[in-house]
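Notes for the one structure printed next.
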Amino acid sequence: TGYGRGELIGQTPALLKSGEHDQEFYANLWQTIRSGQVWQGELINRNKNGRLYIEEQIITPVFNEDGVVTNFIAIKHDISKRKQREVLRNDMTHSMVHDLRSPMSNSLFALEMLRSGTFHPEDAEGKHLVNLTYENTEKVLKLVNEILDVGRLEDGNIPVQLTAVSLIKLVDYVLVSQSPRAGAKNIALVREISPDLPVAWADENLLERVVQNLVDNSIKYLPM
C-alpha cells in the first residue's frame, strides 16, 4: 500500500478506496462478512502514491465466544503484474489467432487448386501455388511457436540457446523473407547497418523472431 504502520493503525480500509467500484460492490462485500461469511474476490485500490493496483483478497470474520462477529482478517495479495500479463497474453493470443486465418486460407486454396487438377505442380502456376503453400505453412508454424512462447515466458521456462550471431546476416535474412509482403504494398525495405557492427551473444531464433515481428508490424501498419 505504501503506507507505514503508524499511518494505518486506526484507519479503515476506506483509506485505500480507489473510486473504481460502486457503492453496491462495497455494500455486498460488507453484507457478506458481517453475516459471518468469507468474502473472496478482487479489488482495485489506490496506494499512498496514488497508483492503482489490483488486490486479490480473502476477508474472514472473527467471532467471539458468543458467536458474534467482532473483527475481520484480510489476506491481501497484489496481483497487478499478473493481471497485466494476462491482458498481454490475451491480446497477443487473439492477434496471433486472427493472423492464422490468412495463411491457412491461402494454403487451403492452393492445395484445393492442385488437388482438383486445375493446376499441375510442375506448371509455372502450380509451382507458384506449391511455394505459396510452403510459405504460408511457415507463417502458421511461426505463429504457433509465438503462442507457445507466450506461455513459456510467463512460466519462465522458455529455453535460451546463446551463440555468436551476425546481426547483419540476421537482418538480411529477415528483409529477404519479408520482401514479398513489402513488395505487395509497394514498400521498399532498406538496410542501413554499420559494417563494423560486432556479433551478438544471443539466441538466434528468438532474436530473429523479434526482428521479424518488428518488420512485419511495420509493413502491416504502415499507412498506404
Filtered hits (aspartates and glutamates, Cα-Cα < 16 Å from K139, offset >= 8 within chain) -> D99, D149, E208, D216
Treating only Lys and Arg (+1) and Asp and Glu (-1) as charged, each at its beta carbon, one finds that the chain has a dipole about its Cα centre, in Debye to the nearest 20, of 420
Going through K127/K185; K81/K142; K185/K220; K17/K48; K142/K185 one by one, the pairs whose alpha carbons sit over 19 Å apart turn out to be K127/K185; K81/K142; K142/K185
The answer for GluC sites (Glu not before Pro) in the range 166-224 that fall in a DSSP coil and have at most 15 neighbouring Cβ atoms within 10 Å is E192
Rounded to 0.05, the calculated FRET efficiency for the beta carbons of A188 and V144 at R₀ = 30 Å is 0.50
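How large is the helix-only mean residue ellipticity at 222 nm for the chain, computed as the sum of -39500 (n - 2.57) over DSSP H runs with n ≥ 4, divided by its residue count, in deg cm²/dmol to the nearest 500? The partial results should precede the final answer.
Details: 6 runs with 120 residues, N = 224.
One gets -18500 deg cm²/dmol as the mean residue ellipticity at 222 nm.
So if I take the alpha carbon set of the range 1-124, get Rg, then get Rh from the Kirkwood formula, what is the Rg over Rh ratio?
1.40
Quote to one decimal, in nm, the extra length available between V199 and E112 on full extension: 0.36 nm per residue of separation minus the C-alpha distance between them.
Details: separation 87, 0.36 × 87 = 31.32 nm, distance 4.46 nm.
My answer for the length gained is 26.9 nm.
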Here, A27 and I75, labelled 7 Å along Cα→Cβ, have an inter-label distance in nm of 3.0
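Taking 0.36 nm per intervening residue step and subtracting the Cα-Cα distance, what contour gain separates L206 from K127 on full extension?
Working: separation 79, 0.36 × 79 = 28.44 nm, distance 3.09 nm.
So the chain would gain 25.3 nm between L206 and K127.
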Pseudo-spin-label distance T137 to L8, built 7 Å along Cα→Cβ, given in nm, is 5.9
For the range 1-142, the per residue accessible area (1.4 Å probe, Å²) is 71
Between the modelled labels at S179 and K83 (7 Å from Cα along Cα→Cβ) the distance in nm is 4.8
Share of accessible surface on carbon and sulfur in the chain, whole %, 1.4 Å probe and ligands ignored, is 56
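The values are calculated or read from the model by the stated rules, or taken from the named source; none is laboratory data. Computed from a predicted structure; not experimentally measured. FYI the Cβ positions are ideal-geometry reconstructions off the backbone, even for glycines, and counts take in every protein chain you see. Ligands, DNA and RNA are excluded from the accessible area calculation, which covers all protein heavy atoms including side chains. Shrake-Rupley method; radii C 1.70, N 1.55, O 1.52, S 1.80 Å.
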